[in-house]
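The values are calculated or read from the model by the stated rules, or taken from the named source; none is laboratory data. Bear in mind the structure is a predicted one, so any value in this text is a computation, not a measurement. Here the Cβ is made from the backbone with ideal geometry for all residues, glycine too, and neighbour counts use every protein chain on show.
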Amino acid sequence: MASWIEQSVSRGILTSRYPKAAATDDETPPTGRPPVPESPATSLPAARDRCPVGAITETAVDQGKCIRCARCVGAGLSFSGSVEAATRSRSDLLRISAGPTPVPDGAPPLAGLGRSLHLFLVDVGSCNACNLEVLALANPYYDLQRLGIFFTNSPRHADVLVVVGVPTAEMVEPLRRAYDALPAPKAVVAVGACPISGGVFAGTEGLASALDGLVPVDVYVPGCPPTPTAILDGLLKLNGRDRETREGRR
Amino acid sequence: MTALLGFVLTAAVVGFFAGAALSVVRRDLGYATALAASVLWLVAAVGALVAGPVTGPSWSGPLGDAESLSLDGLSAFFALATAIVWVATSAYSLAYDDRPSPLLAFCYALTLGSIALLVASSSLLLFLVGWETMTLASYGMILQAHGRSGRVFSAAFVFLAFGEASTLLVLVAVAGLHAMSGSFLEVPVATAGALASIVFVAALIGFGLKMGVAPFHMSEWLPIAHSSAPSNASAVLSSTLTLAGAYGLFRVISLLPSPPPVWWGALMLGIGAISVLLGALFAAVSEHSKGLPAYSTIENNGLILVALGIALIARADGLAELAVFALFAAFYQALAHAIAKTALFLSAGYLEHGTHTFDLNSTHGRAKDADRAARLGTIAATLSLAAAPPLAGFVSEWMVLEALFQSYRFSAEWVQFVGLLAGAAVALAAGLILVAMVKFLGFSFLWKPSATGPTARARGLAAPVGAVGAVVLAVGVGAPWLLGLITPSVAAFAHTAVAAPVGSLLSIPDGWSILSGSPFGILSPPAVPIGLAAGAAVALGYFALGGGFGARRVEPWMAGSPPGCDGETYTSFGYSTGIRIMMRSVLQTREVRTGTGAGTRAELATPVSYNVDLEVLDVFKVFYDDLVRFGDAVAAALKAGIMTGRLGQYLAYILVVTLVVVIYVAAAA
Amino acid sequence: MRRPGWRVEPAAAPRADRASRALAYAPEDGAFSLVNDYSEGMSVLAPGGPDPAFDTPWAVWRTAAGAARPHALAPAPEVEGYGVFTFPYGPLSMGVPEAGRFDVRTYGERVLNLVPVGGFKSRRVRAAVVGQTVVDAALRVERLAGNFSAAHVAAFLDAVESAEGRAVPTEEWWVRGLAQELQRIYNHVHVIARVAEAASQNVGLAQTHALAEEVLRTQGAVFGHRWLFGALLPGGPARRLDPTDRRALATRLGRLGDEFERLWRLFLESRTFVDRIQGTCPVARDAAVEWGAVGPTLRASGVAWDDRLRIPVAPYTDLFLPLPHESGGDALARVATRAEEVRASFLVLEQMLERWPAAGAGDEPPGSAVAPGRGLGRVEAPSGDLVYDVRVAAGRVVGLDLRSPSQANWPLFAAGMRDAVFTDFHFAFESFGFAFAETDG
Ligand code: SF4
Ligand code: SF4
């Protein structure tokens, strides 16, 4: 035991300063940021056909569809958006901006709960990367307990369903059960392109609709997978403790 | 006043026997008469406790003594406890018994009458008559089990064998008392010595057999569980037949010299503690809706012995205050158990009516279809037996534990050690019995609705369960006053004036709290529900001020699977398997597999299936099984003779005994 | 099959030979079997579909796409008895952070049998890739099981290149190796963290969890993506490693390797950790061979087989690769095997970064197609042998099947859990490194 203590002490403090400070580059590899067109008018039409998931239109990049495959990078777009890309509405994901996504006015869905949030992770058909990024929030680098956020073992004890994966037909009922089992007030966070739009699997036969066709979604966290910092931003947008709100940027 | 009560008393006892006779005419008439007699019996008991000893008209006994039916403080307590039980069981029987034959009603009333007779007898001889009649009549009741299979007979045989062994030992005790005092009348004996010890041991084992305490517990649960005796009979057997045993024990000890040798109490404490532990353990792993309560009876009777043992040791050590408190604990334990257990057996009968099974693994279902009275009654009974406040069992178990805690006051170190072990056993048992009761409540009480919905008969069955449940609550909350009521009983046992162990605590009024020593522990049973009510008032206030209920009904969360997935749910057996495995050295748990293979790939190519059973073993049962086999062999040998296994014949035996009693009474008159 | 370690036979080998592991495979067009001959150390590919006398449904390489959903992933005897019931655990439980169910047959406390039930998270990957170009198909393949993405893409590309008979630059093979070894380290460390979590060895959990995060960050730094998505896609490495990058990476990995050494030593001294997994969920050598176990599960049961050594391709042909194996077969042996493999991977990475091939160093020959336009790809994924069978035509994928390590190992987990107690579940489960994602497809 003593040696474990020695080990822990010798490593010093690993924990990120986020959300007090901005996310570091170590936390955020290039694909951790949304692609943003350099000049929308020319870049978007040029890059449109490169996108394998049809995220790029003439006028916008649908971050909810983007799987960060980097094919448009170098064709007028670059991964230069803000890590804090989580939105409270689906349509906000279409906004073109290098800055953080603004939070709409009005109280966040779980403001009444104060600091503490209890999460239940629901996998409705993921590739596991999103699950593991959500669970990575518990590691010493992110230590989400310092922010009053905890994982629970049952939706009965949770406030928030953190949904990962593209909803398969088989998971529609289990998802509904989990949603019903949440006590009110409750919230749902869609983590990753899969639950938001189907991601890379959108349109495959045998899959259910996107998540917001099944349960109301309060926060959308784009990415494939979103980095832990991006997920943290999405969670904090539930109770108004995210960086933008803190810094009065909205 | 007392003269009138004397008549009421006599009328009650005669009424039971009249009920037996009338049942031959009409079943209902028998039960109704028994119900009326039970009410009279209750009046006489309360009268005797409040107004002092009651004596009915006397006659001269066969040995020339003047005999009468009477209740002194001690017998009045047992009359009170049995009366409460019988009022409920008789009312219940009216709805319950739908057998074409009147035999059950006949044996039922006869059992009640004989127990009343032995409790109210003023001479030991009359006591013996009552005792033996009780044994035979209750044997008759057990034979009325449905599906009179070989198991019924072997169970009944064990019961009878134990009953007769018990009678034999009781005879020894009575003979010893006679030798010491020269009389069959109940006079305290002053001389101590070897003879007194022989009487004590004979009484302890003889009456212990009827109480079903370890290692004689087979006589308690086997007839009930194995034969599935009718539920009204089960309640009478488990609650009041064992009370009769306790009464005999209390009575004989009260006649023995005081202070007793310290080993008497230690022996009793040891037997009691073992019973408590074994009873609780086997209750926790029982899957039978009547076997479980039957094992719990063993536990509860063990607690009576524990308290009485403490009282005897305290008396030997000159700890008067502790002795009195422990006696109160013993009496209260007997009362609390009898009432709660009645509700539980009646509930098992209700359950059987709805589900046609005694197997707790197949009785689960939804609560909302159950009759509210039965539901609340069962909740009260199980919680009381699990010692949850503020119910009767909580108060009595608290008292027993408080008495046990004071075993450090004993002078001999080895006795302190016995007290320590007993304390550990009782504490462990408290945990085990909680498992048992939660299991009964969870897996039986929340049962499937009967196909037809609540019938008139079901309501007739439910009402007594609910009523007894209310009494369980009252006996818990009203404990300080009831302790005052039964003070004459303790005084009669101790042959000295005593005061109920009640006093005051903080701002709770004087007399509202039970004190276990001066000073030791303190408990105020009425304060608990008052506190609960105060909490409820806050909640009600919230609603009164416009707070909403906000209730939402959702499915149970089963990790995302539908509830009752594949039609399977957790079984009652699974609930207690942890105990089976943990206590495997005591339970001799073993797994029996039939048709199993190695599970290799080649083998699994063709679907295999096997059967697995996790069996537990009561070591004593092995011995008694052998006994049954021996008995069966004897019975087979005598088959051509008297033991034909035919009901009519057993009935004839009972009639002969009844006749003997009638002749006895006539001769006395 | 010109690569070493493979042998193609004209007729099926006798499969009842228990020293070898058979994998029968019956696609629509022409069945064949794949046999690992452990005595000879060769993989034998022969025509002929399942042998009904020997191949149970579980030994046949099936694709989840054809199976009813949800469906059992392992066989189990039927057990009846007094008080016996089925307890469904999942598909949504935090104990298993993935959607999948376990039907536990029990009389309480003890597991009489356990059936993993999969198919809940079937994203119909096979349907999604058929008709796509190879590059677009690869986007789906790497998202089939995100934590094994490098292995899946490498096996997929190997199959495509074999089918097309296309030679691939040596450096690209090295990049694939680099990505796979990094991901192997991540997954093994993650398994150790999960076992530590189950054992409530919380300091150890935090430390290994942190180490796993550092590996993800390293992957992000090298390939631009924490999960290596896009890193190996056709058209060359997403990023070329110049000497400065290689030196920086070597330093970084050296630090992580030292860190792991310290942690693993502490774990071996931790009673809470070792006691809980010793003897848990044992897999005997015979059972492992008979059922066709793969990866650390097979090696922990005493069979020293690793695709990287037995059917080597670049860069492994040029490197020293230790082959750790144990004989205990229990969860401890599996975890210990993984720990040794972490060390081995650090060693391999060190060698790779020292001997990195110059750009344009030549091409590696492709594996042969099993049929025109059809190739098998095979890599040693973190949890074991991963096989892809891909059919391509005109640059598009027209058929895809795979046999994942999880699929191969489920029956061993089910068998090992038989007669265990509930509380062993998490230790046992985590030690195999399963992913429902790759079984469900
Ligand atoms: S990075 Fe996103 S927007 Fe760009 S091509 Fe890939 S999926 Fe489309
Ligand atoms: S969004 Fe991307 S990373 Fe997340 S589950 Fe879907 S495919 Fe995997």
Quick one: what pairs do we get from segment C:415-441, first residue under 21 Å from C:Phe120 (Cα atoms), second among the acidic types (Asp, Glu) and not in a helix (DSSP H, G or I), C-beta under 9 Å, 6+ apart or different chains? C:Phe434/C:Glu98; C:Ala435/C:Glu98; C:Phe436/A:Asp123; C:Phe436/C:Glu98; C:Ala437/A:Asp123; C:Ala437/C:Glu98
Kindly check whether there is at least one residue in segment A:146-153 that is touching a strand residue (DSSP E or B) at 6+ places or on another chain (Cβ under 6 Å), in a helix (DSSP H, G or I) and either closer than 26 Å to B:Met558 by Cβ or away from chain B (no Cβ under 14 Å) (or both). no
Every residue in segment A:121-139 that is part of a helix (DSSP H, G or I) and within 7 Å of another protein chain (Cβ to nearest Cβ), please. A:Ala129, A:Asn131, A:Leu132, A:Leu135, A:Ala136
Taking segment A:154-166, which residues are more than 16 Å from ligand 1 (Cβ to nearest atom) and either without any contact (Cβ under 8 Å) to a residue 12 or more places away in the chain or buried (at least 19 other Cβ atoms within 10 Å of the Cβ) (or both)? A:Pro155, A:Ala158, A:Asp159, A:Val160, A:Leu161, A:Val162, A:Val163, A:Val164, A:Gly165
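One line per residue, one yes/no per condition, for (1) modelled with pLDDT of 80 or more; (2) among the hydroxyl-bearing types (Ser, Thr, Tyr):
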{"site": "B:Gly550", "(1), (2)": "no, no"}
{"site": "B:Phe573", "(1), (2)": "yes, no"}
{"site": "B:Gly597", "(1), (2)": "no, no"}
{"site": "B:Val612", "(1), (2)": "no, no"}
{"site": "B:Lys621", "(1), (2)": "no, no"}
{"site": "B:Thr644", "(1), (2)": "no, yes"}
If you go through A:Ala70, A:Ala85, the only one that is among the aliphatic types (A, V, I, L, M) and near ligand 1 (Cβ under 8 Å from one of its atoms) is A:Ala70
Going through segment B:397-417 one residue at a time, which ones are surrounded by fewer than 21 Cβ atoms within 10 Å (Cβ to Cβ) and hydroxyl-bearing (Ser, Thr, Tyr)? B:Tyr408, B:Ser411
For the structure I just gave you, tell me whether B:Ala116 is over 20 Å from the mean Cα position of the chain (by Cα) and assigned to a helix (DSSP H, G or I). no
Looking at segment A:43-62, which of the residues that are closer than 10 Å to A:Leu77 by Cα and more than 8 Å from ligand 1 (Cβ to nearest atom) is farthest from the chain's Cα centre (by Cα)? A:Ala46
Hey, A:Ser10 away from ligand 2 (no atom under 16 Å from the Cβ), within 14 Å of chain C (Cβ to nearest Cβ) and not in a loop (DSSP other than H, G, I, E, B) or not: yes
Of A:Gly114, A:Gly74, the only residue that is away from ligand 2 (no atom under 16 Å from the Cβ), modelled with pLDDT under 90 and either more than 30 Å from A:Arg146 (Cα to Cα) or surrounded by 20 or more Cβ atoms within 10 Å (Cβ to Cβ) (or both) is A:Gly74
With the requirement that a residue be crowded, with 19+ Cβ neighbours inside 10 Å and either more than 9 Å from every other protein chain (Cβ to nearest Cβ) or under 14 Å from C:Asp158 (Cα atoms) (or both), what does segment C:133-146 give you? C:Val134, C:Ala137, C:Ala138, C:Val141, C:Glu142
Is it the case that A:Val200 is away from chain B (no Cβ under 14 Å), touching a strand residue (DSSP E or B) at 6+ places or on another chain (Cβ under 6 Å) and aliphatic (A, V, I, L, M)? no
Listed residues A:Val166, A:Val162; which is touching a Leu at 6+ places or on another chain (Cβ under 8 Å) and within 22 Å of A:Arg243 (Cα to Cα)? A:Val162
Going through (1) away from ligand 2 (no atom under 16 Å from the Cβ); (2) within 23 Å of the chain's Cα centre (by Cα) one by one, C:Trp227 fails only at (1)
Hey, any hits in segment A:224-234 for a residue that's touching a residue at least 60 places away in the same chain (Cβ under 8 Å), small (Gly, Ala, Ser) and closer than 20 Å to C:Glu98 by Cβ? no
How do the pairs read when you match residues in segment A:181-193 that are closer than 17 Å to A:Val134 by Cβ with residues anywhere that are within 16 Å of ligand 1 (Cβ to nearest atom) and in a strand (DSSP E or B), using Cβ under 6 Å and keeping only pairs 6 or more apart or on different chains? A:Ala190/A:Tyr220; A:Val191/A:Val221
Taking segment A:13-60 as the region of interest, how many residues are within 16 Å of ligand 2 (Cβ to nearest atom) and β-branched (Val, Ile, Thr)? 3
Looking at segment C:172-230 only, could you name the residues that are facing chain A (nearest Cβ under 10 Å), touching a Gly at 6+ places or on another chain (Cβ under 9 Å) and of a type in the set (Gly, Ala, Ser)? C:Ala193, C:Gly220, C:Gly224, C:Gly230
Of the conditions (1) assigned to a helix (DSSP H, G or I); (2) away from ligand 1 (no atom under 16 Å from the Cβ); (3) touching a residue at least 60 places away in the same chain (Cβ under 8 Å), A:Val200 clears all except one; give me its number. (2)
